[in-house]
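Report on one structure; see the data block that follows.
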Amino acid sequence: MVTSDSNPKERTAVLSLRAGRTLAGSLTFLAFAAYASISVYRHQHYASNAFDLAVQDQTVWGYSRGEFIYNTVLGIPNLLGDHFHPILMTLAPFMLIWNSAEVLLVAQAVLLAVAGIPIYLWGERELGPLAGIAFQAAYLVFWGVLAGVIYDFHHAAFAVPALSTALYATMTRRNWLLVPAVVWAMLTREDIALTLIALGFYILLVQRRWIVGALLMVFNAVWLGAVLSFVIPALGGGVAYRHWTYASYVVRHPIDSLKVLFTPATKTRVWIGSFAAFALLPLASPVLLVALPSFLERFWSSSPNFWSFHFQYSMVPAPILAFAAMDTCVRVARSLRGRWAAATRLALPLAALAASVVVTVAVNPLAEVRTYLPDSRVAEINACLGTIPGGASVSASNTLVPHLSHRAEIYEITLHPSADYVAVDPSTYPDFFKGEEDQLRNVVRGDLAAGYGIVCAKGTTLVLARVDSTLSLTPQLDAWLAGKCSGRACS
């Protein structure tokens, strides 16, 4: 472990220990409140999606009933076959109290906020309370964390505080804390084992704790192999094949694999944005090794979504980058003496916080908040969805699915066009994929021709069912079905 050589009293002169911890706790609560408010508001205004919120919400709802249900949103017998994340079962009891997808969103807010606590504690220990606060705040406003908050719920959120705790345990050499943190992380997703193997590599080579590092590496390698080779295939999933395909390509094409990490240029911008958000400090720390698996897996993917400044893909490396930045500060401070060392312990953490704020403002992950539906439209949609019985099977347009996912059969309408009830609203789409809106129109026309009756029509919201009905389409829906308007322009 890198330790500071300064007098502890000198390090706490700017901010007392008690004040620092009070401020750290306040930041944690404020971050939780902000994250939860934003994500719940987003969901309530119909900006959440079938993928990923409804996919995971339906499975957790099943767990709350003591069932391993078929995931009809994704179309897989067991969601554990998509990614191995038994940690989701811990959310089931909360759905017995609050029967809503918002349980997942609030849980994610808690997880991301508390991940800043280990960051503060190690910063306080090595650099002083003010530095700890600066790095905790830099993590909490990091664009990658906010991008995760603004995009539904993802089980990777569980890995963020687990890895933050594991890094704190590693840096303070507290094996009694490292073990439960590692087990916690292993239950969040199968490929987190790669990050834990990298952590073992750091412990072995940098800290030279041979036994701890080797055990961590071997245990996680065996765990990953078993999950990919036996557990996930047995559950009917195909993710194992994708992981082996990536590994095979890298082994067979090592030079091309390196080029792929930085092309197209979008990937390079995300690389830069990740490190620039912590004033490039992580680049000088060996702790950065721990973040490499998540970066490599992300940029070797063929999906452009992985290379974006949006979605949840930067949540996992976020606490690792914070610890790497702090480690650089500690190493620089150790190489200096007197006032220069003291200045470093203040200047570099504050620079990291300023950089995180500037990059987040530039990336602007919260820009979409201005695009959400008005309350009047939300009320109309809620009224129509309220006509659907709880036990009925439903095919719904993308952003309606997460509001209907507490049932055994809920489908994304373009993948499964017919069910007991059909619910659509084109105004909830900020934009459409190529051909998606026409496909949605064709589904509605086909269901109306097949004898579905109108159960509810308000504005651009439509609910159909296999019933006789004398209700008519609204002018907005008539115009939309005729192709005279598109999406939100119809409302």
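The values are calculated or read from the model by the stated rules, or taken from the named source; none is laboratory data. No experiment lies behind these values; they were computed from the predicted model shown. Cβ sites come from the backbone with ideal geometry, for glycine too, and all protein chains shown count toward neighbours. To get the accessible areas, we keep the full protein, side chains included, count just its heavy atoms, and leave off ligands, DNA and RNA. Shrake-Rupley method; radii C 1.70, N 1.55, O 1.52, S 1.80 Å.
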In region 302-312, anything in a loop (DSSP other than H, G, I, E, B) and free of Cβ contacts under 8 Å to residues at least 40 places away in the same chain is listed as 302, 303
If the requirement is being buried (at least 17 other Cβ atoms within 10 Å of the Cβ) and among the small types (Gly, Ala, Ser), which of these qualifies: 225, 200? 200
Being open to solvent by 40 Å² or more (accessible area, probe 1.4 Å), in a helix (DSSP H, G or I) and in contact with a helix residue (DSSP H, G or I) (Cβ under 8 Å, 6 or more places away or on another chain): is that true of residue 167 here? no
Consider only pairs whose beta carbons are under 8 Å apart and that are at least six residues apart or on different chains; among these, list those whose first residue lies in region 87-101 and is aromatic (Phe, Trp, Tyr) and whose second residue is surrounded by fewer than 19 Cβ atoms within 10 Å (Cβ to Cβ) and at pLDDT below 95. none
How many residues are within 16 Å of residue 276 (Cβ to Cβ) and surrounded by fewer than 22 Cβ atoms within 10 Å (Cβ to Cβ) when one looks only at region 317-352? 2
Here are 212, 270: which of them is more than 23 Å from the chain's Cα centre (by Cα), crowded, with 17+ Cβ neighbours inside 10 Å and at pLDDT 85 or above? 212
Got at least one residue in region 80-100 being more than 14 Å from residue 25 (Cα to Cα), at pLDDT below 95 and among the charged types (D, E, K, R)? yes
Inspect all residues belonging to region 129-136 and state whether any of them is open to solvent by 10 Å² or more (accessible area, probe 1.4 Å) and assigned to a helix (DSSP H, G or I). yes
If we ask which residues in region 170-204 are in a helix (DSSP H, G or I) and in contact (Cβ under 8 Å) with a residue 24 or more places away in the chain, their number turns out to be 19
Candidates 461, 428, filtered to the one that is modelled with pLDDT of 95 or more, buried (at least 21 other Cβ atoms within 10 Å of the Cβ) and in contact with a Cys (Cβ under 7 Å, 6 or more places away or on another chain): 461
Looking at (1) more than 21 Å from residue 69 (Cα to Cα); (2) open to solvent by less than 30 Å² (accessible area, probe 1.4 Å); (3) assigned to a helix (DSSP H, G or I), which is the only condition residue 376 fails? (2)
Residue 46: passes all of (1) modelled with pLDDT of 95 or more; (2) surrounded by fewer than 16 Cβ atoms within 10 Å (Cβ to Cβ); (3) under 23 Å from the mean Cα position of the chain (by Cα); (4) under 30 Å from residue 384 (Cβ atoms) but (2)
